[in-house]
Amino acid sequence: DVLSRHLVFLSFDWPAWYNPLNWMRQVTLSEEEKRLLANYSCEKCECFMPRDKATVLTQIRASFGSEEAFDSFVQGTLSRVVLTGKKRFVYRRLWHHVGETIVYLFTN
(Lines give C-alpha, C1' and ligand atoms only; values in the text may rest on other atoms or scores of the structure.)
Protein backbone atom coordinates (compact mmCIF):
# COMPACT_ATOMS: atom_id res chain seq x y z
CA ASP A 1 0.00 0.00 0.00
CA VAL A 2 1.08 3.61 -0.56
CA LEU A 3 1.73 4.50 3.07
CA SER A 4 3.88 1.44 3.65
CA ARG A 5 6.06 2.41 0.71
CA HIS A 6 6.53 6.03 1.79
CA LEU A 7 6.79 5.89 5.58
CA VAL A 8 9.78 4.51 7.45
CA PHE A 9 9.56 3.44 11.07
CA LEU A 10 12.52 2.56 13.26
CA SER A 11 12.92 1.68 16.92
CA PHE A 12 15.85 0.80 19.14
CA ASP A 13 13.59 -1.83 20.71
CA TRP A 14 13.02 -3.78 17.49
CA PRO A 15 14.74 -7.13 16.96
CA ALA A 16 18.23 -6.91 15.52
CA TRP A 17 18.23 -7.90 11.84
CA TYR A 18 21.68 -9.48 12.23
CA ASN A 19 20.60 -11.94 14.95
CA PRO A 20 19.86 -15.30 13.24
CA LEU A 21 17.31 -16.16 15.94
CA ASN A 22 15.15 -13.26 14.76
CA TRP A 23 15.06 -14.57 11.19
CA MET A 24 12.79 -17.42 12.25
CA ARG A 25 10.49 -15.50 14.60
CA GLN A 26 7.25 -13.89 13.56
CA VAL A 27 7.48 -10.10 13.73
CA THR A 28 4.60 -8.52 15.63
CA LEU A 29 3.90 -5.26 17.39
CA SER A 30 4.94 -5.30 21.03
CA GLU A 31 2.31 -4.86 23.71
CA GLU A 32 3.65 -1.35 24.33
CA GLU A 33 3.40 -0.46 20.63
CA LYS A 34 -0.15 -1.81 20.49
CA ARG A 35 -1.09 0.15 23.61
CA LEU A 36 0.42 3.42 22.35
CA LEU A 37 -1.32 3.19 18.99
CA ALA A 38 -4.66 1.99 20.39
CA ASN A 39 -4.78 4.82 22.95
CA TYR A 40 -3.53 7.57 20.66
CA SER A 41 -5.33 10.92 20.87
CA CYS A 42 -4.09 13.99 19.04
CA GLU A 43 -5.86 16.09 21.64
CA LYS A 44 -3.33 14.82 24.20
CA CYS A 45 -0.30 15.77 22.08
CA GLU A 46 2.24 18.02 23.72
CA CYS A 47 4.21 20.76 22.03
CA PHE A 48 6.80 23.13 23.42
CA MET A 49 4.97 26.12 21.97
CA PRO A 50 1.15 26.30 22.21
CA ARG A 51 0.97 27.73 18.69
CA ASP A 52 2.71 24.59 17.41
CA LYS A 53 -0.09 22.45 18.77
CA ALA A 54 -2.64 24.76 17.15
CA THR A 55 -0.79 24.47 13.82
CA VAL A 56 -0.66 20.67 14.03
CA LEU A 57 -4.34 20.36 14.94
CA THR A 58 -5.29 22.76 12.14
CA GLN A 59 -3.41 20.61 9.63
CA ILE A 60 -5.01 17.44 11.01
CA ARG A 61 -8.49 18.94 10.64
CA ALA A 62 -7.69 20.13 7.10
CA SER A 63 -6.31 16.74 6.04
CA PHE A 64 -8.62 14.35 7.88
CA GLY A 65 -11.74 16.42 8.50
CA SER A 66 -11.59 16.06 12.27
CA GLU A 67 -9.30 15.09 15.11
CA GLU A 68 -11.42 11.99 15.71
CA ALA A 69 -10.90 10.84 12.12
CA PHE A 70 -7.13 11.23 12.54
CA ASP A 71 -7.22 9.33 15.84
CA SER A 72 -9.10 6.51 14.08
CA PHE A 73 -6.48 6.51 11.32
CA VAL A 74 -3.64 6.21 13.85
CA GLN A 75 -5.42 3.54 15.89
CA GLY A 76 -6.34 1.44 12.85
CA THR A 77 -4.53 2.01 9.58
CA LEU A 78 -1.29 3.32 11.04
CA SER A 79 -0.99 0.27 13.30
CA ARG A 80 -0.88 -1.94 10.21
CA VAL A 81 1.61 0.38 8.50
CA VAL A 82 3.92 0.35 11.54
CA LEU A 83 3.82 -3.46 11.60
CA THR A 84 4.68 -3.56 7.89
CA GLY A 85 7.60 -1.20 8.55
CA LYS A 86 8.81 -3.34 11.43
CA LYS A 87 8.75 -6.45 9.24
CA ARG A 88 10.56 -4.59 6.48
CA PHE A 89 13.25 -3.49 8.93
CA VAL A 90 13.89 -6.99 10.28
CA TYR A 91 13.57 -9.00 7.06
CA ARG A 92 14.64 -6.66 4.29
CA ARG A 93 17.80 -5.57 6.05
CA LEU A 94 18.75 -9.22 6.34
CA TRP A 95 18.32 -9.91 2.62
CA HIS A 96 20.01 -6.66 1.69
CA HIS A 97 23.13 -7.62 3.65
CA VAL A 98 23.08 -11.21 2.43
CA GLY A 99 22.97 -9.90 -1.12
CA GLU A 100 25.85 -7.49 -0.49
CA THR A 101 27.90 -10.30 1.01
CA ILE A 102 27.31 -12.58 -1.95
CA VAL A 103 28.29 -9.84 -4.41
CA TYR A 104 31.42 -9.10 -2.38
CA LEU A 105 32.42 -12.77 -2.17
CA PHE A 106 32.00 -13.51 -5.85
CA THR A 107 33.20 -10.28 -7.48
CA ASN A 108 36.56 -9.83 -5.79
Within the bounds of the range 76-97, is there any residue that is of a type in the set (A, V, I, L, M) and in contact with a Cys (Cβ under 7 Å, 6 or more places away or on another chain)? no
Tell me, yes or no, whether the range 59-80 has at least one residue that is touching a Leu at 6+ places or on another chain (Cβ under 8 Å), open to solvent by 50 Å² or more (accessible area, probe 1.4 Å) and more than 25 Å from VAL98 (Cβ to Cβ). yes
Any residue in the range 8-28 that is in contact (Cβ under 8 Å) with a residue 60 or more places away in the chain sitting within a Cβ distance under 6 Å of a residue that is in a loop (DSSP other than H, G, I, E, B)? List the pairs, counting only those 6 or more apart or interchain. ASN22/PRO15
Among the residues that make up the range 18-30, is at least one of them more than 20 Å from VAL82 (Cα to Cα) and in contact with an Asp or Glu (Cβ under 7 Å, 6 or more places away or on another chain)? no
Selection from the range 3-28 of residues that are over 18 Å from the mean Cα position of the chain (by Cα) and surrounded by fewer than 10 Cβ atoms within 10 Å (Cβ to Cβ): PRO20, LEU21, MET24
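Can you give me the ranges of the helices (runs of 4 or more DSSP H) entirely in the range 15-108 with at least 1 residues that are over 21 Å from LEU3 (Cβ atoms) and at pLDDT below 85?
Working: elements: 20-23, 31-38, 50-64, 67-73, 79-87, 93-107.
Once the helices (runs of 4 or more DSSP H) in the range 15-108 are filtered for at least 1 residues that are over 21 Å from LEU3 (Cβ atoms) and at pLDDT below 85, what remains is 20-23, 93-107.
Can you tell me which of LYS44, LYS34 is open to solvent by less than 100 Å² (accessible area, probe 1.4 Å) and either in contact with a strand residue (DSSP E or B) (Cβ under 8 Å, 6 or more places away or on another chain) or among the charged types (D, E, K, R) (or both)? Don't jump to the end; show me each part of the working.
Working: LYS44 fails: open to solvent by less than 100 Å² (accessible area, probe 1.4 Å).
LYS34 is the lone residue from the list that is open to solvent by less than 100 Å² (accessible area, probe 1.4 Å) and either in contact with a strand residue (DSSP E or B) (Cβ under 8 Å, 6 or more places away or on another chain) or among the charged types (D, E, K, R) (or both).
The values are calculated or read from the model by the stated rules, or taken from the named source; none is laboratory data. Here the structure is a predicted model, which is why all the values come from computation and not from measurement. Because the Cβ atoms are built from the backbone with ideal geometry, glycine has one as well, and the counts that use them run over all protein chains shown. We work out accessible area using only protein heavy atoms, side chains counted, and drop any ligands, DNA or RNA first. Shrake-Rupley method; radii C 1.70, N 1.55, O 1.52, S 1.80 Å.
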